[in-house]
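What follows is a short report on a single structure.
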């Protein structure tokens, strides 16, 4: 299940809460990318929306930190997160920065 309010949302997404709700139900699949914390590393994961049609992914608990309308938007959001982290904390520890 996806949870949390994304801190970074691409401009093409008007209602991020509604998008997350539809992804959790498995109804919405194309045209969205979800940025989450990685479970095993200090990195972030980018998932295309269609993977949430599978029950396996809907059963996983994932904290959403970003929501993008395309793959290139997702990469731009992660780059912006890194830039903001570096400017705010002086280091590029995204998990630490996003949990502030």
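The values are calculated or read from the model by the stated rules, or taken from the named source; none is laboratory data. Source: prediction; values computed, not measured. Note: ideal-geometry Cβ built from the backbone for every residue, glycine included; neighbour counts use all protein chains shown.
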Task: For residue 40: the one exception among (1) over 12 Å from the mean Cα position of the chain (by Cα); (2) modelled with pLDDT of 85 or more; (3) not in a helix (DSSP H, G or I) - done: (2)
TODO: Examine the range 8-21 for a residue that is assigned to a loop (DSSP other than H, G, I, E, B) and surrounded by 15 or more Cβ atoms within 10 Å (Cβ to Cβ), and state whether such a residue exists.
DONE: yes
- [ ] Answer yes or no: is there a residue in the range 59-66 that is surrounded by 12 or more Cβ atoms within 10 Å (Cβ to Cβ), more than 22 Å from residue 93 (Cα to Cα) and in contact (Cβ under 8 Å) with a residue 12 or more places away in the chain.
- [x] yes
- [ ] Tell me which residues, restricted to the range 39-58, are surrounded by fewer than 13 Cβ atoms within 10 Å (Cβ to Cβ) and out of contact with any helix residue (DSSP H, G or I) (no Cβ under 8 Å at 6 or more places or on another chain).
- [x] 39, 40, 41, 54, 55, 56
- [ ] Taking residue 28 as meeting all but one of (1) at pLDDT 90 or above; (2) outside any helix (DSSP H, G or I); (3) in contact with a helix residue (DSSP H, G or I) (Cβ under 9 Å, 6 or more places away or on another chain), write down the number of the exception.
- [x] (1)
